[in-house]
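I have placed the structure first, in the form of C-alpha cells, so that the comments after it can refer back to it.
The values are calculated or read from the model by the stated rules, or taken from the named source; none is laboratory data. From a predicted model like this one, the values you see are computed outputs, not experimental measurements. Quick reminder, even Gly has a Cβ in these numbers, built from the backbone with ideal geometry, and neighbours come from all protein chains shown. To get the accessible areas, we keep the full protein, side chains included, count just its heavy atoms, and leave off ligands, DNA and RNA. Shrake-Rupley method; radii C 1.70, N 1.55, O 1.52, S 1.80 Å.
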Amino acid sequence: MTLNITSILFYAFSLVLLGAATMVVIARNPVYATLYLVLTFFSAAAIFLLLGAEFLGLILILVYVGAVMVLFLFVVMMLDINLARLKEGFLSYLPLGLAIAALGVLELAMVYWTAPMGQVPAPAPFPGNYDNTRALGYVLYTQYLYPFEIAAAILLVAIIAAIALTLRRRSGSKNQRTEEQLLVRAKDRVHLVDLRIKKH
Amino acid sequence: MTDITAHWTLALPEIWVLSMACVTLLADLFFAAKLRNIAAVLTGLTLVGAAALTFMLMGQRGAAFNGMFIADPFANVTNLFSYLSVFLVVVYSGRYLRERGLYRGEVFVLLLFALLGVMIMASGGNLLTIYLGLELLALSQYALVAMYRDSLVATEAGLKYFVLGALASGLLLYGMSLLYGLTGSLDVQDIAAGLVNVTGSNLVLVFAMVFITAGIAFKLGAAPFHMWLPDVYQGAPTAITLFLASAPKLGAFALIIRLLVDGGYGVMAVWQQIFIVLALASLVVGNVIAIAQGNIKRMLAYSTVGHVGFLSLGVLAGTLNGLASALFYTVVYVLMSLAGFGMILLLTRAGFEAERIDDFKGLAQRKPWYAAMMLIIMFSMAGVPPTVGFYAKLAVFQAVIDAGYVWIAVIGVLLAVIGAFYYLRVVKVMYFDAPEDAAPEIARDDVAAAFMSVNSVALLILGILPGPLMAFCIYALQGVI
C-alpha cells in the first residue's frame, strides 16, 4: 500500500468520521450528539472532495450542515428531553441492536466476498479541467430541464401548503407590526408641551 | 444532443397554467383585501386561456424536451375536460367556501397546481415526468383536503389520504424501477421497444406490472385499493370532495394510457388479468357496500368505486373501442359526480352540511327543479336509459363482449342492477317522503344553480346524442393504439 498524501487524508477523515459517528450514538447530551453529527457530515464532505465530487461535498455542507442540522439543534434545544427516560431499557434493547448490527456486517461481508471486486477496472481519471458542478448543471438544465421545472413547482406547492395549513392569524394577539414601526416619525411619539413656570 | 428548446411551444398550456398560478398567488396576496374574488376570477381566466391555447395546438403531434413531453390528441382532450371540471368546481364551491371561511387564494392556487399535475401526467413521455406530475397533483390534493382546520374529520381525512397516497406512490415507483431495470430506460417509447423481447412469463415483468397497476388502482380508487376513498370523500370539505372526484380521475386514466398502453401495450396479457380482478372487485365492493350508507357523500364514494369498476371493464378489453369507451366513461363519471356533489353543495348552508340522505327528504316539494336535477343525476349514475350513464355502461359492456369476456359483462350487468337500488332510494326519499320539520331553508345561489342546470341537462342530452362525445374519445385515442 502506497501512502501518498491523498490516502493519508482519506484515512484521517475516515477516522474522524467514524469517531464522530460513534459519539453521536453514545453522547449523553443531545446537543453534543447533534454537534458530533455536524462533524460527521463535515468529514463525509471532505471525503467527497477527495474523490473529486466537489459538488456533492459542498451541497452536503450547505444543505445538511447549514440547514438541516441547525433545525435539529433548534428542536433539540427547545424540547425538554428527559435523558434518564431515554436511557431506560438500554440494556434490554442491546441484544436486538447487536443482532441487527451483526446482520448488517454479515450482509456487507457477503457482498464483499461474492461481488467481482477485482474485475471492475477503476474509472479513468478525469481530465484536469473537469468540473462536475458544471457537468451536473449542464445535464440538469438541458436534458432534464422539464422535470427540473416540475420539481420546482412541487417545492412551491409544498411551501404554499405548509404555510396555508399552519399559519393562523388570531385576532387580538399582541404581535409587532414592523411596517408601522418603521413608518413612525418623531412627531407621532414625542409631544413638546410648553410649560410655563408661573412666578409667584 | 438535439436542441432542448425545440418544440417547446407544444407545452404552452402547461407554461401558461404554471405562470398564472404564480400570478394568482401574488395577486391574492396584495389585492385580496379590496377585491375578494380576485383569486377565483383569475383562476377562471387561467382556465379559459389554457383552453384557448389547447384549441390552438389541437391535433398537433410531437415531443418536446427530449421526449419527456408528448403532445397528442389524447393529452389535448384530457386537458380540455380537466379545464372544464376545474371551472365547474370553482363555480359550484364559491358559496360553500365563503360560508366556512375557506374562500382563500391558496385554495384556488392549489387547484391550479393540481390541474397542472394532471396536464403533466396526460402528456408525460418519461417515467420521471409522469411521476413528478402525479406528486404535484397528490401534494396539492393532500393540502386541499386538510385545509379546513376547524373540522376534525377533514384533518383526519387529510392525514389518511397523505399516508395512503404516499404508500401508493411507493408502489408505483417500485414498479417503475423494476421496469427500468428490465429495459434500461425511463423513456416510455424506449420501454415499449425494450419490452418487445420480454416474454409474458418473465417474473420481473409480472412484478413490475403488478406494482404499477396497484399504484394506478390506488389513485383511481379501484377495489381492493379503495380503503382511503370513503373516508377521504366523507371527511374532506364537500367543495374539495367535488374536486377529488373530477380532474384527478382523468389524471389517473392518463396514467393508464401513458404507462400501460403507451409503454406496456406489447405485454397487455399481463396487466389485463390484473384489471379483470380489479374490475370485478370494484363492481362488487362499490355496488354492494353503498347500499348500507346513510351519508350521501360516503354513498357517492362507494358509487365511485363501482364506476371505477365499470371503466376498468373498458380498459381490460384493451382495444381502441374499449379504451375509448373507458375514456368516455371517465368523462361521464366526472360530469355526473360534479353534478352529484354540486347538488350537495347547493343544499348546504353555513353550519349545515346536507350530507345525510335524509336531508334530501321531500326535496320535490321544497325545490321541484333541484329534485328534478337530482333525479336526472341519480338515473344517470344508475344507468337508466335516456341518460348518458346508460350509454356509457352500454359502451363498456359492448367492448368487453367484443373482447370475448361475456361472463364479465354478465356479472357487470347484475351488479349494475344491484347498484340501481341505492340511487333510486335517493329519488324515492326526494319524491315520496315528507320533509323533516327541522330542514333549514335552501339558500339562493343563482349562478351555481344555473351551471348545475346546464350540467344536469347535459347528462340527458348526451344520453340522447352520445355520438359526438364518443367520436371525440375515439379521436383522442386513435394515435395511442
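So here's what we get for this one:
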read-out: Value in Å of the Kirkwood radius, where the range B:389-469 supplies the Cα pairs that are averaged; value: 16.1 Å
read-out: Distance in nm between pseudo-label sites at B:Leu26 and B:Ala443 (7 Å out along the Cβ direction from Cα); value: 3.3 nm
read-out: Of the trypsin sites (Lys or Arg not before Pro) in the range B:66-146, those whose Cβ has at most 10 other Cβ within 10 Å and which sit in DSSP loop; value: none
read-out: Surface accessible to a 1.4 Å probe, B:Glu156 within the full protein complex, Å²; value: 90 Å²
read-out: Span from the the range B:368-422 Cα centroid across to the the range B:109-141 one, whole angstrom; value: 31 Å
read-out: FRET E, pair A:Ile5, A:Asn129, Förster distance 22 Å, beta-carbon r, rounded to 0.05; value: 0.55
read-out: Full-stretch length increase - A:Ala122, A:Val139 - with 0.36 nm per residue and alpha-carbon distance subtracted; value: 3.7 nm
read-out: Occluded residues from the range B:1-23, i.e. those whose accessible area drops by 20 Å² or more once the chain is not alone (1.4 Å probe); value: B:Met1, B:Ile4, B:Leu18
read-out: In sequence order, calculated HN-Hα J values of the range B:88-104 (Karplus, 6.51, -1.76, 1.60; Hz; x Gly/Pro); value: 5, 4, 4, 5, 5, 9, x, 5, 4, 5, 4, 5, 10, x, 9, 7, 10
read-out: Interface size A-B, as summed buried accessible area [1.4 Å probe, Å², nearest 100]; value: 2200 Å²
read-out: Surface share of carbon and sulfur [accessible, 1.4 angstrom probe, percent] for the protein assembly as shown; value: 69 percent
read-out: Semi-axis lengths (Å, descending) of the ellipsoid that matches the C-alpha gyration tensor of chain B; value: 34, 27, 20
read-out: Accessible surface ranking that places the most exposed of B:Cys473, B:Cys22 first, with a 1.4 angstrom probe; value: B:Cys22, B:Cys473
read-out: Stretch gain in nm, segment B:Ser185-B:Arg98, where the contour uses 0.36 nm per residue and the Cα spacing is subtracted; value: 26.5 nm
read-out: Rounded to 10°, Cα long-axis angle of helix A:90-114 versus longest principal axis of chain A; value: 50 degrees
read-out: For chain A: accessible area per residue (Å², 1.4 Å); value: 83 Å²
read-out: Karplus-derived HN-Hα couplings along the range A:73-79 (A = 6.51, B = -1.76, C = 1.60, θ = phi - 60°), whole Hz, x at Gly and Pro; value: 4, 4, 4, 4, 6, 7, 7
read-out: Spherically averaged projected area in nm², based on the convex hull that wraps the Cα atoms of the range B:145-206; value: 5.6 nm²
read-out: Relative contact order (percent, whole number), chain A, Cα cutoff 8 Å, 6+ residue spacing; value: 13 percent
read-out: Rounded to 10°, Cα long-axis angle of helix A:30-50 versus longest principal axis of chain A; value: 60 degrees
read-out: Cα-based shape type of the range A:99-200, given that a ≥ b ≥ c are square roots of the gyration tensor eigenvalues and the cut on a/c is 1.5; value: prolate
read-out: Built amide H within the under 5 Å cut-off of B:Ala223, gap 5+; value: B:Ser282
read-out: Label-to-label distance, nm, for residues given as A:Glu54 and B:Trp369 (7 Å Cα→Cβ offset); value: 7.2 nm
read-out: Globularity index of the range B:257-381, i.e. its alpha-carbon radius of gyration over 2.2 N^0.38 Å; value: 1.27
read-out: Chain B - accessible surface per residue (Å², probe 1.4 Å); value: 35 Å²
read-out: ³J(HN,Hα) computed for each position of the range B:449-463 - Karplus, 6.51 cos²θ - 1.76 cosθ + 1.60, integer Hz, glycine/proline x; value: 5, 5, 5, 4, 4, 4, 4, 5, 5, 4, 4, 6, 5, 4, x
read-out: Volume in Å³ per residue [convex hull over Cα atoms, computed for chain A]; value: 379 Å³
read-out: Amide proton proximity set for B:Gly62, modelled H, under 5 Å, gap of 5+; value: B:Ala71
read-out: Cα-based Lys proximity count in the protein assembly as shown, under 21 Å, for pairs eight or more positions apart or on separate chains; value: 12
read-out: Label-point separation in nm, A:Ser171 to B:Val413, each point 7 Å along Cα→Cβ; value: 6.2 nm
read-out: Protection proxy ranking, peptides B:216-225, B:442-451, average beta carbon neighbours within 10 Å, highest first; value: B:216-225, B:442-451
read-out: B:Gly318 long-range amide H proximity, modeled H, under 5 Å; value: B:Leu323
read-out: Heavy-atom accessible area ranking, 1.4 Å probe, most first, across A:Arg196, A:Arg177; value: A:Arg196, A:Arg177
read-out: Residues in the range B:141-174 occluded by at least 10 Å² - accessible area, probe radius 1.4 Å, against chain by itself; value: B:Ala143, B:Ala146, B:Met147, B:Arg149, B:Asp150
read-out: Cα-Cα separations in the range A:1-93 greater than 15 Å, expressed as whole percent; value: 66 percent
read-out: For the protein assembly as shown, fraction of C-alpha pairs farther apart than 52 Å, in %; value: 22 percent
read-out: Calculated FRET value between A:Val193 and B:Asp150, using beta carbons and R₀ = 45 Å, to 0.05; value: 0.35
read-out: Near-label residues of the range B:305-339 by backbone N, under 15 Å of a point 7 Å along Cα→Cβ of B:Val288; value: B:306
